[in-house]
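The structure appears below as structure tokens.
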Amino acid sequence: MSGAILRRGDSTARRLGTAFGLLIALLLALGAGALTCALWVDSTHHEVIEELEPAQDANVYLHSRAAIMHRSLRTYLLTGDRNELESYDVARADTFAALSSAQRHATGMSRASFARQVDQLQSYVRLVDQQAKAEPRSEEAVRLTPEAARRFDAFEATNLKLDAQLIEHIERVENRAAAVLEGSTAAIGVLLALAVLVGVSTALNTTRALTRPLGNVERTLGRLTAGDRMARAREEGPLEIRAVARSVNELADERDRLRAIEEERERLSETARRTGVAVREHLDVDHVLDTACVGIGEGLDADYVFVMLTEENSPLVPVARAWSARRGLLPPGEQTIPPVPGEVVREHYRRGETWSLNGLNAQVADGAPLPGAPGSFGSSGLPPQARAAAEDLGLVSVVVTPIGVGEDPLGAVFLARTRPDKPWRPVEIEFAESMATGVGRALHSAVLYEQETHLVEKLQALDRAKSDFMSTVSHELRTPLTSIVGYIELLKDEDTGPLSQPQRHMLDVVDRNANRLRSLIEDLLTLSRIESGAFTSNMAAVDLRELVGSATDAIKPAAEAASVELETHCPEQPLILHADGEQLDRVLMNLLSNAVKFTPEGGRVSVRADRRDGEAVLSVSDTGIGIPAKEQEKLFQRFFRASNATDAAIPGTGLGLTIVRTIVANHGGETEVQSEEGRGTTITARLPIAVTHDATGGP
Amino acid sequence: MARVLIADDDADIRDLVAFKLLQSGHEVTAVEDGMAALRALREQPPDLALLDIRMPGMSGLDVCRELRAAPETATLPVIMITARSQEGDVEVGFAAGADDYIIKPFSPRELSSRVNAVLNRVER
């Protein structure tokens, strides 16, 4: 019964509603029935108790009083006992009292009976009252007796009939009440059973209808959670469960869609990363353009990629590199799309946003302005030549990202598809933009690098030219100098005859200045060489102690000639430097010859080589004329000579210390000077120590 | 007493060297470039050649290499005269087969002693 109501596939709410409606209707019917029955039974009882039974009681009482009255009078008439007559009078009064009381209780059928009883009793009483006046056992009394008996019998018959009627009525009423009660109890029982059946059946059916589809949805959710992307719930069972299952499926579909987007994003991101790495691999504009075109084109499934680059002093921005999915990189000269006005590129770069359009073909056909496009493309549309090119190539969807650095536009990266069913999607546009921006940066770096490389090449060429120039100059200077110095020597050796004293003096002056010139040339050449870094190819492990030894040996004759004491302080352990020995020798020679040169007779020059704080410290001290304090900072300037040196006419080029400092700096070291005028000078050079293998026990 | 060839494009230097060597008792032939030097050396091989490295046309190094390549002049003593304008000139000079070198500007006395030293070495 309820199964018919709760059909599979219905809404559970409707099922439950129907079931509960039915239940409520049943319960209402139950209540109403019970109430009606109770009320009816109650009214029956009321009739019996309030009407029928009192009437019956009154009737019985009336009969008893009347019977007493009749019997008392007959007894009196037979016996003449006055007591009986008194009894008769009492009974007579009681009878009429009972009669009036009975009439008060009379209803319906008893009323007529009582009325009749009144008439009969009154007719009886009228007769017996005459008898009562007659003499007992008199003839008159006897004559009236049959009539009196007949009248009393009539009353008694009426009375008894009413009694029987009342009893029967009461019985009938009570029987009926019992029957109704029985019937309603049975009906209530049936209704109750029905209600229970509906309730239980609804509960069972609902549970059954809910459990299986819900379990199915739950299992599907479990599988989805566990990562089964294909899991979908069957849409079955009640409406609500089907709705839930549909929602779960929609959620799963949505998740799939999101995951697909996410996967695509990851793929694009990986592509972008790989392209970025490839693009940055070489700082070469052509390489950047090639890898960018291929990487972006293949990575974003484009049909064409064009990289347009601005050119200096040109109002047009041409395609610098083109790529097509079908043919790969296109030959540089091949005409693809015409140059774009610089104004459009500038405006686009100023805007700084990627411009894209799906359905370019439709826009191009009528030559209308391109919606949202920069510059004149947006205001008056593509020029005819560009429209023709776009039509020829069959471009449908385009994405154009401006590239540049700072204020300056570099150009644009132009991606196009020719397939109407493959418009550019936002995620692709986003990645096109980020990849293009990376390409822009790489291009900028490459351009800068190429410029820098060019500059370096130019500088190197300049440096070579300078070296060539220096060597030519020095050669050109040395040749005449050779003649000067040589002929002076011949003259001074008096190979061509004796010299006078003034002639000899003058030749000495010429000789001294020729030598100064020679020193200048040597020092300039040296400086030129070390400044160009040419010496670095001769780097090797050298022991500073050995260099100090050979340099002091070399300067010893000069020191002895100048009566200057020469002392050296070297550690016992080797002091290995990674250096150009010849250049360091020059440093030592320059410092030592300076020290000897500027130290008066009886002075002392000491050379000290030491290891301090992981550095080799080389210092040359003298007790010479020193350097005026305010001139010390200019000491390393080219051609600078201390005033006290020039005053004392001590020869020099002013290049020696510059050479020293340049060589030391080329070795990663520093040069310091400490000096006090009239007391002496100490020049200290700190040089990095080579990683020594003997200290670590290596080879 | 030896025959010395001097090749230098600078006349003053040729004269200077010739003067000093003549004074030392040598016989001197002076030429002004590499080709002339090579010609003179082949015509009448001297006891020693003084070759300036930098000369127009054929350099002293080229002349030296040519000499070393020919059997009759393979052992001829050669002294290179260099302005040492380039690092490595000396090494290149020895590699080309020079016996000694002298750097401009030089002292004529030193030149004379070196010439004698090389000649003595060869004689021994």
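The values are calculated or read from the model by the stated rules, or taken from the named source; none is laboratory data. These numbers were taken from a predicted model, which means no experiment stands behind them. Note that we place each Cβ from the backbone using ideal geometry, even for glycine, and neighbour counts take in every protein chain shown. Surface areas here come from the heavy atoms of the whole protein model, side chains and all, with no ligands, DNA or RNA. Shrake-Rupley method; radii C 1.70, N 1.55, O 1.52, S 1.80 Å.
Could you work out the mean count of beta carbons from other protein chains within 10 Å of each residue's beta carbon in B:99-105?
4
Please give the per residue accessible area of the protein assembly as shown, computed with a probe of 1.4 Å over protein heavy atoms only, in Å².
Details: 42650 Å² over 823 residues.
Per-residue value: 52 Å².
Got a number for carbon plus sulfur as a percent of chain A's accessible area, 1.4 Å probe? Present the calculation step by step, with values, prior to reporting the outcome.
On the way: 20380 of 37020 Å².
Accessible surface attributable to carbon and sulfur in chain A totals 55 percent.
By how many degrees, 0 to 90 and rounded to 10, does the Cα axis of helix A:501-531 deviate from the longest principal axis of chain A?
Tilt of helix A:501-531: around 20 degrees.
Mind pulling the angle between the C-alpha long axis of helix A:342-351 and the longest principal axis of chain A? Nearest 10 degrees, somewhere in 0 to 90.
Between the helix axis and the principal axis of chain A, the angle is about 50 degrees.
With the solvent-accessible surface defined on protein heavy atoms using a 1.4 Å probe, which residues belonging to the range B:1-30 display a reduction of at least 50 Å² in accessible area in the multichain context relative to the isolated chain?
B:LEU16, B:PHE19
So what does log10 I(q)/I(0) come out to for the protein assembly as shown at q = 0.05, 0.09 Å⁻¹, using the Debye formula with one equal point on every Cα and no solvent?
The Cα Debye sum returns log10 ratios of -0.67, -1.05.
Can you find, among A:ALA373, A:PRO423, B:ASN120, the residue sitting farthest towards the positive end of the charge dipole of the protein assembly as shown, where Lys and Arg contribute +1 and Asp and Glu -1 at Cβ?
Looking along the dipole axis, the top candidate is A:PRO423.
Let me spell out the model: positive unit charges on the Cβ of Lys and Arg, negative unit charges on the Cβ of Asp and Glu, origin at the Cα centre of chain A. What dipole size does that give, in debye rounded to 20? Walk me through the numbers before you get to the answer.
On the way: 75 positive and 99 negative charges, 605 e Å.
Using only the charged Cβ atoms, the result is roughly 2900 debye.
Probe radius 1.4 Å, ligands and nucleic acids left out: can you give me the accessible area buried at the A-B interface, summed over both chains, in Å² to the nearest hundred? Write down the numbers at each step before the final one.
Numbers: alone 38050 and 6630 Å², together 42650 Å².
That pair of chains buries around 2000 Å² in total.
How large is the dipole of the range A:532-696 about the Cα centre if only Lys and Arg carry +1 and Asp and Glu carry -1, each at its Cβ, rounded to the nearest 20 debye? List each step's numbers first, then the result.
Details: 15 positive and 23 negative charges, 90 e Å.
Computed about the Cα centre, the dipole is about 440 debye.
What ratio of Cα Rg to 2.2 N^0.38 Å holds for the range A:201-259? Kindly include the intermediate steps, with their values, before the conclusion.
On the way: Rg = 12.5 Å, N = 59, 2.2 N^0.38 = 10.4 Å.
Against the empirical 2.2 N^0.38 Å value, I get 1.21 for the range A:201-259.
Among A:LEU214, A:ALA278, A:LEU289, whose Cα sits farthest toward the positive end of the charge dipole of the range A:200-347 (+1 at Cβ of Lys/Arg, -1 at Cβ of Asp/Glu, about the Cα centre)?
Value computed over the given set: A:LEU214.
Treating only the Cβ of Lys, Arg, Asp and Glu as charged (+1, +1, -1, -1), what charge dipole size does the range A:43-132 show about its Cα centre? Round to the nearest 20 debye. Mind showing how you got there, number by number?
Details: 9 positive and 12 negative charges, 67 e Å.
For this selection, approximately 320 debye.
If we count every other residue with Cβ under 12 angstrom of A:ALA645's Cβ, Lys/Arg +1 and Asp/Glu -1, where does the sum land?
Details: positive: A:LYS597, A:ARG641; negative: A:GLU631, A:ASP647, A:GLU677.
Value of the local net charge: -1.
May I ask for the percentage of alpha-carbon pairs in the range A:282-443 that lie more than 25 Å from each other? It would help to have the intermediate numbers written out before the result.
Details: 2704 of 13041 pairs.
Of all Cα-Cα pairs in the range A:282-443, 21 percent lie more than 25 Å apart.
Would you please state the base-10 log of I(q)/I(0) at q = 0.10, 0.11 1/Å for chain B, with intensities from the Debye formula using one equal scatterer on every alpha carbon?
One equal scatterer on each Cα of chain B leads to -0.25, -0.30.
Find which of A:LEU393, A:ASN313, A:ALA432 sits farthest along the positive direction of the dipole of the range A:282-443, computed with +1 on the beta-carbon of Lys and Arg, -1 on that of Asp and Glu, about the Cα centre.
Going by the charge dipole, the pick is A:LEU393.
What 222 nm value per residue comes from the helices of chain A, counting each DSSP H run with n ≥ 4 as -39,500 (n - 2.57) and dividing by all residues, nearest 500 deg cm²/dmol?
On the way: 19 runs with 447 residues, N = 699.
My calculation for chain A gives -22500 deg cm²/dmol from helical runs alone.
Inside 10 Å of the C-beta atoms of A:473-484, what's the mean count of C-beta atoms belonging to other chains? Show your work: numbers first, answer last.
Numbers: counts 1, 5, 8, 3, 4, 9, 10, 5, 3, 16, 9, 2.
Across the residues of A:473-484, the mean count of other-chain Cβ atoms within 10 Å is 6.
Provide Rg and Dmax in Å for the range A:591-689, with only Cα atoms included in the calculation.
Answer for the range A:591-689, Rg first and Dmax second: 13.2, 41 Å.
Tell me, how many Å apart are the Cα centres for the range A:148-212 and for the range A:290-343?
105 Å
Using only the alpha-carbon atoms, how far is helix A:239-281 inclined from the longest principal axis of chain A? Give it as 0 to 90 degrees, nearest 10.
Tilt relative to chain A: about 0 degrees.
May I ask you to work out the translational diffusion coefficient for the range A:170-228 at 4 °C, viscosity 1.567 mPa s, via Stokes-Einstein with Rh from the Kirkwood sum over Cα pairs, reported in whole µm²/s? Let's see the in-between values first.
Values: Rh = 15.6 Å.
Once the numbers are plugged in, D ends up at 83 µm²/s.
Which whole DSSP H helices in chain B pass both tests: a Cα extent of 30 Å or more along the axis and a mean Kyte-Doolittle value no lower than -0.5? It would help to have the intermediate numbers written out before the result.
Working: long enough: none.
Sorted by number, there is nothing, because no helix extends far enough and scores high enough.
Please list log₁₀ I(q)/I(0) at q = 0.16, 0.17 Å⁻¹ for the range A:106-216, using the Debye equation with identical point scatterers on the alpha-carbon positions.
For the range A:106-216, the Cα-only Debye profile gives -0.87, -0.91.
For the range A:367-443 and the range A:241-260, what is the separation of their C-alpha centers, rounded to whole Å?
That distance is 37 Å.
Just counting partner chain Cβ atoms within 10 Å, what average do the residues of peptide A:491-501 show around their Cβ?
Working: counts 0, 0, 5, 0, 5, 2, 0, 0, 0, 0, 0.
Across A:491-501, the average partner-chain Cβ count within 10 Å equals 1.
Output the Kirkwood hydrodynamic radius of the range A:532-696, Cα pairs only, in Å rounded to one decimal.
16.1 Å
Rounded, prolate or oblate: pick one for the range A:418-524, where a ≥ b ≥ c are the square roots of the eigenvalues of its C-alpha gyration tensor, a/c under 1.5 means rounded, and failing that, prolate if a/b is larger than b/c, else oblate. Don't skip to the end; give the middle numbers.
On the way: a/c = 14.65, a/b = 6.94, b/c = 2.11.
It is prolate, given that a/c is not under 1.5 and a/b is the larger ratio.
Could you compute how fast the range A:154-268 diffuses translationally, taking Rh as the Kirkwood radius over C-alpha pairs and applying Stokes-Einstein at 25 °C with viscosity 0.890 mPa s? Give it in µm² per second.
So the translational diffusion coefficient is about 120 µm²/s.
With N set to the residue count of the range A:8-195, report its C-alpha Rg divided by 2.2 N^0.38 Å to two decimal places.
On the way: Rg = 28.5 Å, N = 188, 2.2 N^0.38 = 16.1 Å.
Taking the Cα Rg and dividing by 2.2 N^0.38 Å, one obtains 1.77.
Can you count the Lys pairs in the protein assembly as shown whose Cα atoms are under 20 Å apart, with each pair 8 or more apart or on different chains? List each step's numbers first, then the result.
Working: A:LYS458/A:LYS466; A:LYS492/B:LYS20; A:LYS492/B:LYS104; A:LYS556/A:LYS597; A:LYS597/A:LYS634; B:LYS20/B:LYS104.
The number of close lysine pairs in the protein assembly as shown is 6.
Considering the range A:483-611, what Rg and Dmax in Å follow from its alpha-carbon atoms?
According to the Cα coordinates of the range A:483-611, Rg and Dmax are 19.0, 58 Å.
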